[in-house]
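This report concerns only the one structure given below.
FYI, it's all coordinate maths here, none of it is from the lab. Values in this document were obtained by computation on a predicted structure and should not be read as measured data. Neighbour counts run over all protein chains shown; Cβ positions are idealised from the backbone, glycine included.
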Amino acid sequence: MKRTGRFWVRGWTLAAWLAAASLLSGAWAPAARAAEKPIKIGFGMALTGGLAANGKAALLSMQIWADDVNAKGGLLGRKVELVVYDDQTKPAAVPAIYTKLLDVDKVNFVVSGYGTNLIAPAMPIVMERGLVFMGLFGLAVNEKFQYKSYFQIMPSGPSPMTDWSRGFFDIAAKQTPKPTTVALVGADAEFAINAVSGARQNAKKMGLKIVYDKTYPPATVDYTPIVRAIKATNPDVVFVGSYPPDSVGMVQAAHEVGLKPKLFGGGMVGLQYAAFLARLGPKLNGIVNYDFWVPEPTLNFPGIEAFLKKYQAKAAQAGVDPLGHYLPPWSYAYLEVLGQAITATKSTDQKKVADYIRSHEFTTIVGKVKFGSNGEWATSRVLQVQFQGIKDSKIDQFHKPGKRIVVYPEAWKSGNIQYPYSSAK
Amino acid sequence: MRGRTLLGIAIAVVIGGYLTTRFVSHGYFYFASYVILQYIMLATAWNILGGYTGYVNFGSAAFFAVGAYTSIVLIKAFKAYFIFLALAGGLASALLGLGIGYLTLRLRGVFFSIATLALAVVLQTAVINWEYVGGARGIYILRARSMPFFSSYTEFLFFMMVLFAVLSVAAAWWIENSWVGRGLAAIRDNEEAAECMGVPTLRLKLFATTVSGFIMGLAGAPFPYYVTYVEPSSAFNLDYAVNSLAMPMIGGTTSWLGPLVGAVLLGAAQQIATVTISSAWNLLIVGVVLVAFVILAPEGIVGLALRLARRKGG
């Protein structure tokens, strides 16, 4: 009993010393800048569910951004802290997540999760409070909302639906012999339907005769009947709007059936991921497909190499796309835009930051970014990339230039198209 | 007397719901509560058929989505008032319940369950191909910025869900304590014996599917305003089917209190998990809890509590 009492006395003495020491150090610290509250940036991200593979890759690159910024002393002298919740790829979870971020966690800024379905449910909450809102890969989300503080980092351009496939049809128009017929095919789901409807408009504008125009259910397993039906119409151009599993299915079926249009590809999601590049290998040769960034010399923006180095070093451990060419640079860049605006305005005021983003150009790892009046990129930078000279399925070859040649737009062109498709195959 | 006490509690909950909107300004509270209230309705509705009558509905998501898409049609065509949307959503789902019940409930056993499972797939495919309601690309439904008597539309939605949830639980309570509930229980225990005793089994089963469908539709009708962007895979999400089955199983299927307790506990656990664990683990919650309850307490929480109380008393 006595010993316990002595221990208590010693405990109190120690506590008193500690308290005194901390008080003293506090008094001597120069205005304790580091102790200032961090700038919190909150968001929901798909860490489980259908979009988890991309969501996790996006989160990794966002953490790299936060580390980079904090290593340089943070924003406005305050550390940056990311607050993230898993939206499970469920739109219904989004409203609660964003209100939790704003009301309970009291974040300074919110940015969007990945994909149209998960951006849209956050919009009314953001609009009610007049917040600046950076979007990550949503297609034409702001068309209905018309919210002026929304900014989309995906470079679809001012008319997202048609800008997406404009390049593909521009390329077609310039070729000899000029194609005259087109087949449009897409999955029965949000992005694919939009991509195909944009392609339809572009095809009509170009005067192509549409010989096939159909959708297929997203859960389709065997694509050979679809490709056979397309082949039967003998189109010059085949535009595909598809999600990762179907993109692979379509490419494989096209090889099996011997589909030989003059131009093949367009809006196939998934052909940008390392896993699918390796899986399809030489079967990709000749396909012309959209992309946003590839390691070609024309797109070697300052900072991108350093970023990819950091990302790729951590990718294996995080279990995400080892190349990181598709989404990660953009999820880094949308925070870069926000960070630069905060620094330039020296403020965390939503209106000031939004006004700045609206009226300025930003230099990011994905190049110069300037937003138009609807929050989309002022000019489209959807690239059309042709797969060329792929000999095997090794992933290393995709780290370097020369395998995915930018053939559109002119400003970023890194090589010439091999036309028709069968000559590059 | 017991009925009156419960009526008093129900009225108090509704008034409490309204007063909450006066004093609580946290948006998070309303959105999280909305989800839980929605599950109270779905679980209660499921239990009227699954718990009282013994017919398992695997297609709750379809009934929920019919409510949601009925709303969308009315908003698009007539910009209809919220209360009409809710009633129409409920009625459309009720008709669907009646129809599916009429087609399958003459047969006993698993046919109804199989039909409900197929129903969800068929309806989802139909919606995917129906361009007017957005089809596969989905549709944006903008909610009003404000609402008379409420400081935001979210608060209004919350209050309406409180009201609907109270009405749903009251309906379940009435069914349980009336001759209808006794008839349904007779069907669950032994349908042939019930039929022999003069219980109008088909009519009662149809009544149960209709009421259950109505409540599920009513739960789905405000969904477009809650989420603002509806596309088939979110409206027909498997979560609705799984949760509306798991919640009564966990809470207890024999009384109106079971689904209520199950929905509040499981719904709250899911909401908390979303903002705390933040990993694939939160997906396991429903599965693990369900398996644990089926093994350890097949009568659910309410059944377990009653058993313990009885043991203590006697």
From other protein chains only, count the Cβ atoms within 10 Å of every residue's Cβ in B:28-37, then give the mean. 5
Computed over the range B:2-237, Cα set: Rg, Dmax in Å: 18.4, 58
In debye to the nearest 20, the charge dipole size for the protein assembly as shown, taken about the Cα centre with +1 at each Lys and Arg Cβ and -1 at each Asp and Glu Cβ, equals 1040
Relative contact order (percent) for chain B, with alpha-carbon contacts under 8 angstrom and 6 or more residues of separation? 31
Chain A, relative contact order in percent, only Cα pairs under 8 angstrom and at least six apart counted: 17
To two decimal places, what compactness ratio does the range A:196-270 give when its Cα radius of gyration is scaled by 2.2 N^0.38 Å? 1.04
Kindly provide the helix-only [θ] at 222 nm of the protein assembly as shown, computed as the sum of -39,500 (n - 2.57) over DSSP H runs of four or more divided by all residues, to the nearest 500 deg cm²/dmol? -18000 deg cm²/dmol
In this structure, among A:LYS79/A:LYS148; A:LYS100/A:LYS346; A:LYS231/A:LYS260, pairs with alpha-carbon gaps over 18 Å are A:LYS79/A:LYS148; A:LYS100/A:LYS346
GNM on chain A, Cα springs under 10 Å; top mean-square fluctuation among A:LEU51, A:LEU284, A:LEU323 goes to A:LEU51
Gaussian network model of chain B, springs between alpha carbon atoms under 10 Å - residue of B:THR201, B:THR70, B:THR276 with greatest fluctuation: B:THR276
Debye, to nearest 20: dipole size of the range B:2-237, +1 on Lys, Arg Cβ, -1 on Asp, Glu Cβ: 380
Explain nothing, just compute: Karplus ³J(HN,Hα) = 6.51 cos²θ - 1.76 cosθ + 1.60, θ = phi - 60°, for every residue of the range B:161-176 in order, whole Hz, x for Gly and Pro. 5, 4, 4, 5, 5, 5, 4, 5, 5, 4, 4, 4, 4, 4, 4, 4
For chain A, with +1 on Lys and Arg beta carbons and -1 on Asp and Glu, the positive-most of A:VAL84, A:GLN386, A:PHE191 along the dipole: A:VAL84
Which Cα, out of A:HIS325, B:LEU42, B:PRO200, lies furthest along the positive dipole direction of the protein assembly as shown (beta carbon charges, K/R +1, D/E -1)? A:HIS325
Taking B:ILE277, A:ILE193, B:ILE187 and counting other beta carbon atoms within 10 angstrom, the fewest-first order is B:ILE277, A:ILE193, B:ILE187
Bins of 10 Å, beginning at zero and ending with the bin holding the largest distance: percent of Cα pairs per bin for the range A:63-145, please. 17, 46, 30, 7
Step through the residues of the range A:88-95 one at a time and calculate ³J(HN,Hα) from phi using the Karplus curve (6.51 cos²θ - 1.76 cosθ + 1.60, θ = phi - 60°), rounding each to whole Hz and writing x for Gly and Pro. 6, 6, 10, x, 5, 7, 5, x
Could you calculate, for the protein assembly as shown, the ratio of the Cα radius of gyration to the Kirkwood radius, expressed as Rg to Rh? 1.03
Point-charge dipole on Cβ atoms (K/R +1, D/E -1) for the range A:274-409, about Cα centre, debye to 20: 160
Debye calculation, C-alpha points only, no solvent: report log10 I(q)/I(0) for chain A at q = 0.07, 0.09, 0.11 Å⁻¹, in the same order as the q values. -0.38, -0.59, -0.83
Could you go through the range A:382-389 in sequence order and give the Karplus-derived ³J(HN,Hα) for each residue, using 6.51 cos²θ - 1.76 cosθ + 1.60 with θ = phi - 60°, rounded to whole Hz, and x for Gly and Pro? 6, 8, 10, 10, 10, 6, 9, x
Across the range B:133-217, how large is the tail of the calculated P(r) beyond 17 Å, expressed as a percent of all Cα pairs? 64
Any idea what angle helix A:160-174 forms with the longest principal axis of chain A, computed on alpha-carbon atoms, 0 to 90 degrees, nearest 10? 40
Picking from B:PRO148, B:ALA94, B:LEU163, whose Cα lies most toward the positive end of the charge dipole for the range B:2-237 (charges on Cβ: Lys, Arg +1; Asp, Glu -1)? B:PRO148
